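The values are calculated or read from the model by the stated rules, or taken from the named source; none is laboratory data. All values derive from a computational prediction rather than experimental measurement. Please note: Cβ atoms are built from the backbone with ideal geometry, for glycine as well, and neighbour counts cover all protein chains shown. For accessibility, only protein heavy atoms count, side chains too; no ligands or nucleic acids. Shrake-Rupley method; radii C 1.70, N 1.55, O 1.52, S 1.80 Å.
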Amino acid sequence: MKTKISKRKKQLLNWKKNLQKKNYSLYLKSRYWKEVRELVLKRDNYCCKKCSNKINLQVHHKTYKHCCNE
């Protein structure tokens, strides 16, 4: 009985994780995120904060604690 429960719990956790990934993926495609991203790039003068590179820039959260709720 315990193995069935733990197996089901793992399935539910995997399902939840996949749902969060899908939601995050949708969030990254949203108009809101595109605007936030552009504001951050402008603020940083289209330059990487770590290496000063200006090619292939990506915007990341400092922490993901407030992800999707900036």
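Residues in region 35-48 that are in a loop (DSSP other than H, G, I, E, B) and surrounded by 10 or more Cβ atoms within 10 Å (Cβ to Cβ): 4 in all. Residues of region 51-66 include at least one that is modelled with pLDDT of 90 or more, open to solvent by 90 Å² or more (accessible area, probe 1.4 Å) and not polar (S, T, N, Q). Selection of first residues in region 42-62 that are within 22 Å of residue 24 (Cβ to Cβ) and of second residues that are of a type in the set (Val, Ile, Thr) and surrounded by 10 or more Cβ atoms within 10 Å (Cβ to Cβ), restricted to Cβ pairs under 6 Å at least 6 apart or on distinct chains, gives the following pairs, ordered by first then second residue: 59/40.
Residue pairs whose Cβ atoms lie under 7 Å apart, sitting 6 or more positions apart in sequence or on different chains, and linking a residue in region 20-34 that is open to solvent by less than 100 Å² (accessible area, probe 1.4 Å) to a partner that is modelled with pLDDT of 85 or more, are 27/33. The number of residues in region 3-39 being at pLDDT 75 or above and among the β-branched types (Val, Ile, Thr) comes to 1.
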